[in-house]
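S.K.: Next up is a structure, given as structure tokens.
The values are calculated or read from the model by the stated rules, or taken from the named source; none is laboratory data. Every value quoted in this text rests on a predicted model; they were computed, and no experiment measured them. In this analysis, Cβ positions are derived from the backbone assuming ideal geometry, glycine residues included, and neighbour counts consider all displayed protein chains.
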Amino acid sequence: MIDPRAEFVATSLWNAAGVSAAAGIWHNLRHGTFRPLTYLVPSLGVAAWLYEAFSQPVPRPLAGMLPAMASQVGAWIIVGVAYLWLHTRIRRFRRRPPHPPPASGLRVARPVDEALLEATSRFVAAADTANLDALRAIYGPTFSCVRVADTGGFVHLGGAAMLAFLALADGHGLPSADTTVHHGDVHGDTGFVILTRVKDLGAGPEPLYYCLVWTRSDDGWQLAREFVHQRTSPTWGPSSSPRTGQ
């Protein structure tokens, strides 16, 4: 005869293990990481078996416990998914990237997802002021920037290289005369924003055409790719700080 207190502790432990395993399975499936499933799926089955074994007063063969185990696994999956959903929402509210001053002159040609537009506005403001802390929070872990110029210039920089380049500006960015968001679209956890900016890169004001690719994480939207087409390559005066085309 199992002590009721020991039975309560054991079933609570397997309950918690089952919910954790179900949440882990859903999280990894959603993010396309399948290697952890090799131990999470068996763990879910073992937790269901142990839960049923400890909660039954009379031992039963495994075949007789299968329907109850399946019901228990289904309940754990529902609870695990609900937990992940709530956890994601709470993290998005609690952990937000540093907010630089709002972008001046940001115009929107047509409606764009509110959160995506806010992320774009933060990026524009951080780039205009060379705010490295804000940009570091906005850039995703695999961020890269590709720029092409009609004069023949081409550059492909990762996040660290871009931040190092902007650090040369010593806090003096190159604000745009005009920024217009022409289109924004969201597909699942990926967002696309098309915008134009007018900047003087050393040869007079010229339009720059941007395509920003965003990915949605637990912390909100992060910039994954920045594609820019511009007329000229940036030039710098001999006595001035480096000017960026960000």
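S.K.: If only one of Gly220, Gly191 is surrounded by 15 or more Cβ atoms within 10 Å (Cβ to Cβ), of a type in the set (Gly, Ala, Ser), in the same structural domain as Asp150 (by TED's automatic domain parsing) and in contact with a strand residue (DSSP E or B) (Cβ under 6 Å, 6 or more places away or on another chain), which one is it? If you could, list the steps in order and put the result at the bottom.
M.R.: Details: Gly220 fails: in contact with a strand residue (DSSP E or B) (Cβ under 6 Å, 6 or more places away or on another chain).
Residue meeting the stated conditions: Gly191.
S.K.: Any idea which residue in the stretch 196-214 is farthest from Thr179 (Cα to Cα), counting only those that are at pLDDT 95 or above and not aromatic (Phe, Trp, Tyr)?
M.R.: Checked the stretch 196-214; the qualifying residue farthest from Thr179 (Cα to Cα) is Val213.
S.K.: Next question. On the given criteria, is Gly158 surrounded by 13 or more Cβ atoms within 10 Å (Cβ to Cβ), out of contact with any Asp or Glu (no Cβ under 9 Å at 6 or more places or on another chain) and not aliphatic (A, V, I, L, M)? Before you say what the answer is, go through the steps one by one.
M.R.: Working: surrounded by 13 or more Cβ atoms within 10 Å (Cβ to Cβ): yes; out of contact with any Asp or Glu (no Cβ under 9 Å at 6 or more places or on another chain): yes; not aliphatic (A, V, I, L, M): yes.
Here the answer is yes, as Gly158 does meet what is asked.
S.K.: Suppose we keep only residues that are basic (Lys, Arg) and without any contact (Cβ under 8 Å) to a residue 60 or more places away in the chain within the stretch 115-171. Which one would you say is farthest from Ala224 (Cα to Cα)?
M.R.: Arg122
S.K.: Ok, one more. I'm trying to understand the selection: among the residues of the stretch 195-215, which are aliphatic (A, V, I, L, M), crowded, with 17+ Cβ neighbours inside 10 Å and more than 14 Å from Leu106 (Cβ to Cβ)? Can you show your working first?
M.R.: Taking the stretch 195-215 as the starting set, the residues that turn out to be aliphatic (A, V, I, L, M) are 195, 198, 201, 203, 208, 212-213.
Subset that is crowded, with 17+ Cβ neighbours inside 10 Å: 195, 201, 208, 212.
Those that are aliphatic (A, V, I, L, M), crowded, with 17+ Cβ neighbours inside 10 Å and more than 14 Å from Leu106 (Cβ to Cβ): Leu201, Leu208.
S.K.: Exactly one condition in (1) surrounded by 12 or more Cβ atoms within 10 Å (Cβ to Cβ); (2) modelled with pLDDT of 80 or more; (3) more than 24 Å from the chain's Cα centre (by Cα) is false for Ala70; which is it?
M.R.: Checking Ala70 against (1) surrounded by 12 or more Cβ atoms within 10 Å (Cβ to Cβ); (2) modelled with pLDDT of 80 or more; (3) more than 24 Å from the chain's Cα centre (by Cα), the one that fails is (1).
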